[in-house]
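Before we start, here is the structure in question, set down as structure tokens.
The values are calculated or read from the model by the stated rules, or taken from the named source; none is laboratory data. This structure is a prediction, so every number in the text was calculated from the model and none was measured. Here the Cβ positions follow ideal geometry from the backbone for every residue, glycine too, while neighbour counts run over all protein chains shown.
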There are 4 protein chains.
Amino acid sequence: MEKYNFTNDYSEGAHPNIIKALEKTNLIQQSGYSEDAYTKEAIKSIKKRMNSETSDVHIVSGGTQANLIVISSILKPHEAVVSAATGHINVHEAGAIEATGHKVCTINTEDGKLTPEQIQKVLDIHEDEHMVKPKLVYISNSTEIGTVYTKKELDTLHDFCKAKDLYLYMDGARLGAALESPKSDLKMEDLPKLTDIFYIGGTKNGALLGEAIIINNDKLSEDFRFHIKQKGAMLAKGRVLGIQFLELFKDDLFFEIGKHSNAMAFKISSSLKDLGYDFLGEPSSNQIFPILPNSLITNLLEKYNFYKWSKIDKNYSAVRLVTSWATDELVVDRFIEDIKKLGERNE
Amino acid sequence: MEKYNFTNDYSEGAHPNIIKALEKTNLIQQSGYSEDAYTKEAIKSIKKRMNSETSDVHIVSGGTQANLIVISSILKPHEAVVSAATGHINVHEAGAIEATGHKVCTINTEDGKLTPEQIQKVLDIHEDEHMVKPKLVYISNSTEIGTVYTKKELDTLHDFCKAKDLYLYMDGARLGAALESPKSDLKMEDLPKLTDIFYIGGTKNGALLGEAIIINNDKLSEDFRFHIKQKGAMLAKGRVLGIQFLELFKDDLFFEIGKHSNAMAFKISSSLKDLGYDFLGEPSSNQIFPILPNSLITNLLEKYNFYKWSKIDKNYSAVRLVTSWATDELVVDRFIEDIKKLGERNE
Amino acid sequence: MEKYNFTNDYSEGAHPNIIKALEKTNLIQQSGYSEDAYTKEAIKSIKKRMNSETSDVHIVSGGTQANLIVISSILKPHEAVVSAATGHINVHEAGAIEATGHKVCTINTEDGKLTPEQIQKVLDIHEDEHMVKPKLVYISNSTEIGTVYTKKELDTLHDFCKAKDLYLYMDGARLGAALESPKSDLKMEDLPKLTDIFYIGGTKNGALLGEAIIINNDKLSEDFRFHIKQKGAMLAKGRVLGIQFLELFKDDLFFEIGKHSNAMAFKISSSLKDLGYDFLGEPSSNQIFPILPNSLITNLLEKYNFYKWSKIDKNYSAVRLVTSWATDELVVDRFIEDIKKLGERNE
Amino acid sequence: MEKYNFTNDYSEGAHPNIIKALEKTNLIQQSGYSEDAYTKEAIKSIKKRMNSETSDVHIVSGGTQANLIVISSILKPHEAVVSAATGHINVHEAGAIEATGHKVCTINTEDGKLTPEQIQKVLDIHEDEHMVKPKLVYISNSTEIGTVYTKKELDTLHDFCKAKDLYLYMDGARLGAALESPKSDLKMEDLPKLTDIFYIGGTKNGALLGEAIIINNDKLSEDFRFHIKQKGAMLAKGRVLGIQFLELFKDDLFFEIGKHSNAMAFKISSSLKDLGYDFLGEPSSNQIFPILPNSLITNLLEKYNFYKWSKIDKNYSAVRLVTSWATDELVVDRFIEDIKKLGERNE
């Protein structure tokens, strides 16, 4: 029997609605390069759901691609982006941002989130033309360690950035889980008002591929399609992206997926809490980081795949468990049962 | 009634086999980032079909993406790529190559193809460190104007490049049609021997998206996945690409598609020849450029979409007609009938 | 005896006034990074001479450096620069502009100069986001082949660029000779009004090194020192540049040098005309391109160095002769005598 | 009276020998672009003094320029440079390295120096193609905080880099002071053996401008002049750089300057030690960082300029004092006297 994967939220294909839509539309001729009817319809749905007619929407294939297009389209050569040290652009994009010419100024954080105080410290040490000029703040929601921003936190960041003439960009690779997190009151319709630009992650929320970039600041919108094209992100059959987002924003499927992912993660985390286990950070979305005995981890890894995150002490390690639209509740139940059984055996 | 599109070869979705395969595999868990079983299997099929076990294969999403990754991974900062002036990288990629730091040295050609003599002239004028150093020759097959390379032509180019210490790279966005062209004896299994690197175009030959980069020179293979990742081209659900190429290389579907596309184009071109019309260049693949009376073009455009390519004289223009895997022979027949009828009416 | 050099205008050191000024100021302590008193004073002199208090002035070391800083500071990633095919940035800067990410769109010209009609053709073919967006027009004055712009020509270009929302940048590596050319009525004080940005070449007009960038458009001025620093062009001892330009703009030395360079070139060209020799283009500044018999060229090269420019026919070639502030009239006279003598011998 | 500057080591012009040499050679015609006789002779002298005939030497204008040319010429797009967080390339070059496309991986250090253990930790966390690939280690000697490497420390680093397939690059902006430091036994002739590439700083050691890049690894030498040209660093009158280094390496002037700078700094530091003052780090070269009472600092700043470095506590701050070839011992004596007097007054 294959081991079940809690390794990430991109182990399966797409939500079945998406596969069906691809099949149904397959033979209908459309214009290329995201000028097809599906993409236009998808953009309309997204804007309506965000209650923001003036936003400008473009769909690209992946998160690193979205990040490098957005950041390089905004910054002048001497301008830099500010990010948490754990930020995806800083760690896991193989230097994609620097490859477009820009420094990433990093901030060490406890929880992967940024505050005005932390950003101000970065501004304070960048005093003249011998240093880069911080101009864009990059945040991820949910963060790379599963935490989420509240509306108040984002409000504060937004006001700070505005006051300091900084752009605010939110990487929403896992925005679905973030917005459906019980730990946050932030809503999709807040984002166009509180960010200059953000993207809605499809790949990790039910699509085969696709991230919708939402531009809420007219200055950043000019010539954006040139940047998409230049970075190799304009698919000839752009319909593939449009069809998927059209499905995701039909009957709030996007949000249902976030809700389900979170529910599966919380089912696991509350059982683990009941069993007395601790966590690296409070479980907030579809990525959770329980601290388990090494012996239990070893045993679990015989039946499940997941990522061993960090060593805690001689006997304990933190692991990362990720759930998705495709996570089967029966498997979750079995996983919890296995933990109970194996946990007892370990004592 | 919708107008029928002869505008390009990416108006429809994917070959039905591909849609079926996506559906069938959808719920099976796989590793991310093109380390899934389908991609591995697809790579095996491609290598087998090319009869080249030592080639290194990577699948990315689109042609501009493939071009910019390949070229920027090979060249040092002062090195340049040599291309026909009509080359896709020179005209239609929004400066993608220059954005990675490299000059495109262009050659004006009659037919979109390069010869050693033409390249030698470029080498001759690049004499010292005040100029860029040409290091890579970029060709497209079929070219942007529908012409194709013969085996002998490619042989000669290959030998020349080897002698001059230049890399040879073939853009195969429309390689399927090129290899199935009655005007060429070049075979897929020749390419690993005659190029340092090339790509097999999926998007314009039946896939939703996907281009398979084939590296036939060990030096160019090192760390290639870093370049894919850095340029935002490594899909989390890389399976999407693998599944498609697995289908394309099952029972030679890839080549059948090329054959069909060409057959449809040739059916049109031979009828037009019979009717006495001329062409911009000899029809060779699935892009043809007949020269038609403007009045006929206007009438045709009421029922069909295609691209008006260039003005020939007061009364005539060249148009571009493109066929694909999805081109229905019944529509082609109707189109020919319409030309006959409309052509008569015009006289 | 050493051969005398007519190869270029940078064979000697600096005008003696400059050497003296370097010596005289040597031990006086000053701030670094071009914030010294000499640079401030030099900038004041330049602005006064241009009658343009609002221009922003920055001095860097060399022409390629000036070009790459200016162009990369202005353009967004997808924007391109338009240049004559003979333009220095296109041919002789080892891909410096492309290395900052931008395409150079070239225009083939007779005389190295650009006209609105030529530029309009470039605009016409750049129609959408699949291509780069031309945004900056680069001209050199004098050009790489010695020609110069008249006031009217520059007026027309300026108006055209303004109407088309293009920036106009003049490379003034040899601006001294251009402004003192008898073929042009253009004056230094016209330039701040007729260009968005230009540079005054010091290296080829009497300085050891140094080019003064003059920004006449506030939008292009913002954060310019960051760009200078980032590209490695901010000298710790920026005084070296300031001291030199202070001397060049004392008592119009800069213009006297241009005048002398031109006079020496014209003395040669008018003698050659008297002798019945033709030229590649009308002699206009300190670079002239006489067409001479190959036998004469061979003989001259025994006593003088100069650049063999291009083959005209079996018996004749064009050569490039360049004069400078340091060209001794006695040597010029001897050179003319030698041509007369050797020319006779050749007949 | 002007305040005397201990702010940096580039407040004056050049060592008088250099000014004399510029004057003496001024009218002699030479080839451009660093192919003049002086540069050739200077390179010969440098190689002889290093006892390394096989090294390849190129002189450019400034330190940031040297750093960005060296690093961008070596690294492939996905490769990164490892540096102390205090490294000049990380802090004070306005993102010059990132502008060429490369990430700077930083290490927090006590003393501005790197050890194999620290670098190993960076290697350990860069495990796959989702991250950059560290390939080049950047060190400065002396460091940005005045410390110096011993021969043994550099030996160890060299062996480590070799074992890990990393290149080792030393920024020698203040190499003269480093090599003459009483705290180090490292010699100029060790450097070609212990580094792949380094540069000898002229600007901060007696030249007007100029840094000599020394390449000790054949692989890094290929086409180096292309990189110099492309980055705008090839001066038409390259003689300016050659003449200066010729003087610096005549009779060991370069080393005498380092010795004098250090002697002046040590005279100050030993007096301060006698007076009971502490230092940020042990004084090792021509940059010292004494910790002084704020009241004393305020008083000193009335007669001298220097940089207030960092706050220590309510009453004390560290300052940076820098000496150079031009530092007058009489001024140093007066400065020490002033400290004594003002220090007493403060008690």
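Which condition number in (1) assigned to a helix (DSSP H, G or I); (2) surrounded by 21 or more Cβ atoms within 10 Å (Cβ to Cβ); (3) out of contact with any Gly (no Cβ under 9 Å at 6 or more places or on another chain) is the one that D:Glu189 fails?
That leaves (2) as the condition not met.
Still on this structure: When A:Asp251 is evaluated against the numbered criteria (1) farther than 29 Å from A:Lys162 by Cβ; (2) more than 10 Å from chain B (Cβ to nearest Cβ); (3) in contact (Cβ under 8 Å) with a residue 12 or more places away in the chain; (4) surrounded by fewer than 24 Cβ atoms within 10 Å (Cβ to Cβ), which criterion, by number, is the only one it fails?
(3)
Okay, residues lined up against (1) touching an Asp or Glu at 6+ places or on another chain (Cβ under 8 Å); (2) assigned by TED's automatic domain parsing to the domain that holds B:Val148; (3) surrounded by fewer than 24 Cβ atoms within 10 Å (Cβ to Cβ):
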{"position": "B:Lys24", "(1), (2), (3)": "no, yes, yes"}
{"position": "B:Leu27", "(1), (2), (3)": "yes, yes, yes"}
{"position": "B:Gly32", "(1), (2), (3)": "no, yes, yes"}
{"position": "B:Glu53", "(1), (2), (3)": "no, yes, yes"}
{"position": "B:Ala66", "(1), (2), (3)": "yes, yes, no"}
{"position": "B:Ile71", "(1), (2), (3)": "no, yes, no"}
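Continuing with the same structure: From the residues in the range D:1-19 that are assigned to a helix (DSSP H, G or I) and in contact with a helix residue (DSSP H, G or I) (Cβ under 8 Å, 6 or more places away or on another chain), which one is surrounded by the most Cβ atoms within 10 Å (Cβ to Cβ)?
By that ranking, first place goes to D:Ile18.
Across the range C:270-318, what is the total count of residues that are farther than 14 Å from C:Phe6 by Cα, of a type in the set (Phe, Trp, Tyr) and in a strand (DSSP E or B)?
Final tally of qualifying residues: 2.
Please enumerate the residues belonging to the range A:73-103 that are hydroxyl-bearing (Ser, Thr, Tyr) and either under 24 Å from D:Ile89 (Cβ atoms) or surrounded by fewer than 24 Cβ atoms within 10 Å (Cβ to Cβ) (or both).
A:Ser83, A:Thr86, A:Thr100
For residues that are basic (Lys, Arg) and either outside any helix (DSSP H, G or I) or modelled with pLDDT under 95 (or both), tally how many sit in the range C:217-269. Explain how you work it out, then say what you get.
As a first pass, look at the range C:217-269 and keep what is basic (Lys, Arg): C:219, C:225, C:229, C:231, C:237, C:239, C:250, C:259, C:267.
Add one more test, that the residue is either outside any helix (DSSP H, G or I) or modelled with pLDDT under 95 (or both), and what stays is C:231, C:237, C:250.
Of the residues in the range C:217-269, 3 are basic (Lys, Arg) and either outside any helix (DSSP H, G or I) or modelled with pLDDT under 95 (or both).
Now, a different point. Could you grab the pairs with beta carbons closer than 7 Å, sequence gap of 6+ or different chains, first residue in the range A:128-141 and in the same structural domain as A:Val91 (by TED's automatic domain parsing) and under 20 Å from A:Arg174 (Cβ atoms), second one among the small types (Gly, Ala, Ser) and in a loop (DSSP other than H, G, I, E, B)?
A:Tyr138/A:Gly87; A:Ser140/A:Gly87; A:Ser140/A:Ala173; A:Asn141/A:Gly172
Does the range D:1-41 hold any residues that are under 14 Å from D:Gly238 (Cα atoms) and touching a strand residue (DSSP E or B) at 6+ places or on another chain (Cβ under 7 Å), and which are they? It would help to see each step written out before you state the result.
From the range D:1-41, those under 14 Å from D:Gly238 (Cα atoms) are D:22, D:25-26, D:28-41; that's our starting set.
Matches in the range D:1-41: D:Gln29, D:Ser34, D:Thr39.
Further question: Take the range B:190-242 and flag every residue that is without any contact (Cβ under 8 Å) to a residue 60 or more places away in the chain and aromatic (Phe, Trp, Tyr).
B:Phe198, B:Phe226
Consider the range C:1-46. How many of its residues are more than 8 Å from every other protein chain (Cβ to nearest Cβ), of a type in the set (A, V, I, L, M, F, W, C) and closer than 19 Å to C:Asn286 by Cβ?
Residues that pass the stated criteria total 2.
State all residues of the range D:192-216 that are under 15 Å from the mean Cα position of the chain (by Cα), in a strand (DSSP E or B) and not small (Gly, Ala, Ser); if no residue qualifies, say none.
D:Ile197, D:Phe198, D:Tyr199, D:Ile200, D:Glu211, D:Ile213, D:Ile214
Which number in (1) within 14 Å of chain A (Cβ to nearest Cβ); (2) farther than 30 Å from D:Met234 by Cα; (3) out of contact with any Lys or Arg (no Cβ under 8 Å at 6 or more places or on another chain); (4) surrounded by fewer than 24 Cβ atoms within 10 Å (Cβ to Cβ) marks the one condition that B:Val60 misses?
B:Val60 satisfies every listed condition except (4).
Something else now. Quick check on my filter: what residues within the range A:215-248 are more than 14 Å from every other protein chain (Cβ to nearest Cβ) and either surrounded by fewer than 24 Cβ atoms within 10 Å (Cβ to Cβ) or closer than 24 Å to C:Glu79 by Cβ (or both)?
Correct list: A:Ile215, A:Asn216, A:Asn217, A:Asp218.
Would you be able to tell me the number of residues in the range C:146-169 that are part of a loop (DSSP other than H, G, I, E, B), touching a Leu at 6+ places or on another chain (Cβ under 7 Å) and buried (at least 18 other Cβ atoms within 10 Å of the Cβ)?
2
Output the number of the condition that C:Val82 fails; it satisfies all remaining conditions of (1) touching a strand residue (DSSP E or B) at 6+ places or on another chain (Cβ under 8 Å); (2) of a type outside the set (Phe, Trp, Tyr); (3) at the interface with chain D (Cβ under 9 Å from one of its Cβ atoms).
Here C:Val82 clears every test but (3).
Taking the stated definitions as given, is B:Ile213 farther than 21 Å from A:Ala94 by Cβ and β-branched (Val, Ile, Thr)?
Criteria not met by B:Ile213.
Determine the pairs where a residue that is within 17 Å of B:Asp274 (Cβ to Cβ) and in the same structural domain as B:Val332 (by TED's automatic domain parsing), located within the range B:284-304, has a partner that is assigned to a helix (DSSP H, G or I) and modelled with pLDDT of 95 or more with Cβ atoms under 6 Å apart, the partner being 6 or more residues away or on another chain.
Qualifying pairs under 6 Å: B:Ile288/B:Ala265; B:Ile288/B:Ser269; B:Pro290/B:Leu272.
Among B:Ile107, B:Ile74, which is more than 9 Å from every other protein chain (Cβ to nearest Cβ), touching a Phe, Trp or Tyr at 6+ places or on another chain (Cβ under 7 Å) and either in contact (Cβ under 8 Å) with a residue 24 or more places away in the chain or of a type outside the set (Gly, Ala, Ser) (or both)?
Matching residue, one of B:Ile107, B:Ile74: B:Ile74.
Out of contact with any helix residue (DSSP H, G or I) (no Cβ under 7 Å at 6 or more places or on another chain), surrounded by 17 or more Cβ atoms within 10 Å (Cβ to Cβ) and within 8 Å of another protein chain (Cβ to nearest Cβ) - does that describe any residue in the range B:121-142?
So far as the range B:121-142 goes, yes, one or more of its residues are out of contact with any helix residue (DSSP H, G or I) (no Cβ under 7 Å at 6 or more places or on another chain), surrounded by 17 or more Cβ atoms within 10 Å (Cβ to Cβ) and within 8 Å of another protein chain (Cβ to nearest Cβ).
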